[in-house]
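Colleague: Right, I'll just put the structure down here and ask away after.
The values are calculated or read from the model by the stated rules, or taken from the named source; none is laboratory data. Note that the coordinates shown come from a computational prediction; the quantities given were computed from them, not determined experimentally. With ideal geometry, Cβ positions are generated from the backbone for all residues, glycine too; neighbour counts draw on all protein chains shown.
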């Protein structure tokens with residue numbers, strides 16, 4: 001069901017409307033704006049994101065012109081994730097972003113909400129009741145890797161096993177999204193098999209510039225290291241980025257061990273407290289936009 005909110009703009013005397021996006025092409029519009037902000041989105045992110053919750057993507061229009069966007073993906077009855085919040089530069093500071101956030105809050109209802117706030121936005125979210133949990137830092141390097149034993153194409157593993165492992169480490173099922181995420185064109189999804197079972201997996205995908213690894217989940221640091229090396233081997237010589245949760249010191253150690261340099265960061269925040277997650281198994285988050 002489409003949701004539309006209309007308010008009058010005293011500055012421009014035009015009507016500001018927030019409506020649900022009508023497809024991945026409008027999600028792509030928001031990601032295109034984000035390129036100028038340093039987001040470096042994946043080439044196929046829009047289709048994957050939209051599959052997570054087709055009703056959870058919102059576009060703000062002023063006088064019919066798209067000027068703002070934001071995502072509010074509902075994962076289950078208890079948890080949702082905000083991301084993709086952006087207002088075109090010439091319209092910032094006029095309250096449009098906050099109105100869009102209010103629409104998103106109405107959409108997700110009483111659920112706990114997670115988000116990754118870029119520098120300068122954390123204080124605004126704190127005024128809405130969000131609290132900082134930890135920092136995610138993006139590290140970058142030239143991809144240098146090698147094949148490692150026990151690493152296989154993730155698509156050879158029954159999808160139900162991959163989805164179950166992902167649910168434990170993300171904190172909610174995201175089947176539609178995950179199915180597309182691990183099958184993106186020009187990407188590589190690898191799993192680590194230890195003692196006959198899945199003990200970690202990672203995905204590296206093409207972006208506007210280079211590649212990004214995410215997620216990178218593993219039962220132990222040595223398994224995460226094997227996955228990192230195997231993923232980098234698939235895109236050797238290209239820039240590669242990894243978004244590491246600083247709350248896991250082994251994730252930071254992995255990035256530093258491979259001579260990655262910090263280039264960007266975001267503050268992970270929650271409205272009703274951080275969910276219980278195996279944080280020592282999370283070496284790279286999937287994305288800043290959807291968690």
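Colleague: Go through the range 116-138 and report how many residues are in contact with a strand residue (DSSP E or B) (Cβ under 7 Å, 6 or more places away or on another chain) and over 18 Å from residue 70 (Cα atoms).
Modeller: Residues meeting the conditions: 8.
Colleague: Go over the candidates 70, 60 one by one and state the one that is part of a strand (DSSP E or B), over 25 Å from residue 171 (Cα atoms) and touching a strand residue (DSSP E or B) at 6+ places or on another chain (Cβ under 9 Å).
Modeller: One residue alone meets the criteria, 60.
Colleague: Between 46, 80, 51, which is surrounded by fewer than 19 Cβ atoms within 10 Å (Cβ to Cβ), within 20 Å of residue 174 (Cα to Cα) and either touching a helix residue (DSSP H, G or I) at 6+ places or on another chain (Cβ under 9 Å) or modelled with pLDDT under 95 (or both)?
Modeller: Result: 51 is the single residue among 46, 80, 51 that is surrounded by fewer than 19 Cβ atoms within 10 Å (Cβ to Cβ), within 20 Å of residue 174 (Cα to Cα) and either touching a helix residue (DSSP H, G or I) at 6+ places or on another chain (Cβ under 9 Å) or modelled with pLDDT under 95 (or both).
Colleague: I need a count of the residues in the range 253-271 that are outside any strand (DSSP E or B) and more than 15 Å from residue 215 (Cα to Cα).
Modeller: Number of matching residues: 7.
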